[in-house]
Amino acid sequence: MLEDLEEDAGLIDRVLKKDAFQLSRIRVDTREEFTHGLETFQPDIILSDHSLPQFNSIEALDICKANFPNIPFILVTGAVSEEFAVHCLKHGADDYVLKSNLSRLPVAIRHAIRQKALERDRKKKNKLLRKKNKQLSKINSELDSFVYNISHNLRAPLTSILGVINVTKLD
């Protein structure tokens, strides 16, 4: 949780526990703590306030996208404009929840985790599909070569037989 106020973090904890979430979290509020926490804590999700004294959610999102793209990132912040929220979503945030409406947070978390799982599954299946496609292309190429060789090997004797038949017809 990227949050500078322990009170706000406590409110988020209460909302999640009320919705039967089993949680273990760390709260960080600097770039260094954030990157260290990502590497050592290995979170399932990142909840980020936007405005922190030395750091902000856009910088945190950039770090996440570059180093941990499979971790869902939800902006949990005070009042922000719709334009800013849309900017964050276009920039790669999975969702945003206003602190004034934390009751929506459990649904947003479940949705973000489910979407990331589906995305990982899709990428895995695409990778497998590309591998199978490469194998089929190789097999198709070998089959083309085989058909050419068979055709060539049959054409020479057939041409000789046709030639003999034509000579016989002339006699």
Hey, does region 44-54 have a residue that's out of contact with any helix residue (DSSP H, G or I) (no Cβ under 6 Å at 6 or more places or on another chain), within 27 Å of LYS124 (Cα to Cα) and open to solvent by 50 Å² or more (accessible area, probe 1.4 Å)? yes
Out of everything in region 1-11 that is open to solvent by less than 40 Å² (accessible area, probe 1.4 Å) and part of a helix (DSSP H, G or I), what residue ends up being nearest to THR40 (Cα to Cα)? ALA9
List, please: which pairs have Cβ atoms under 6 Å, are six or more places apart or on different chains, and start with a residue in region 27-41 that is of a type in the set (Val, Ile, Thr) and end with one that is in a helix (DSSP H, G or I) and open to solvent by less than 30 Å² (accessible area, probe 1.4 Å)? VAL28/PHE34; VAL28/GLY37
Residues in region 12-26 that are of a type in the set (A, V, I, L, M, F, W, C), surrounded by 13 or more Cβ atoms within 10 Å (Cβ to Cβ) and in a loop (DSSP other than H, G, I, E, B): how many? 2
Could you list, in sequence order, the residues of region 86-126 that are of a type in the set (A, V, I, L, M), free of Cβ contacts under 8 Å to residues at least 24 places away in the same chain and surrounded by 16 or more Cβ atoms within 10 Å (Cβ to Cβ)? VAL97
Conditions (1) surrounded by 12 or more Cβ atoms within 10 Å (Cβ to Cβ); (2) among the polar types (S, T, N, Q); (3) over 16 Å from LEU11 (Cα atoms): number failed by ASN70: (1)
What residue, among those in region 35-54 that are among the small types (Gly, Ala, Ser) and touching an Asp or Glu at 6+ places or on another chain (Cβ under 9 Å), is modelled with the lowest pLDDT? SER51
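The values are calculated or read from the model by the stated rules, or taken from the named source; none is laboratory data. Predicted model only: the values in this text are computed from it and were never measured. Because the Cβ atoms are built from the backbone with ideal geometry, glycine has one as well, and the counts that use them run over all protein chains shown. We work out accessible area using only protein heavy atoms, side chains counted, and drop any ligands, DNA or RNA first. Shrake-Rupley method; radii C 1.70, N 1.55, O 1.52, S 1.80 Å.
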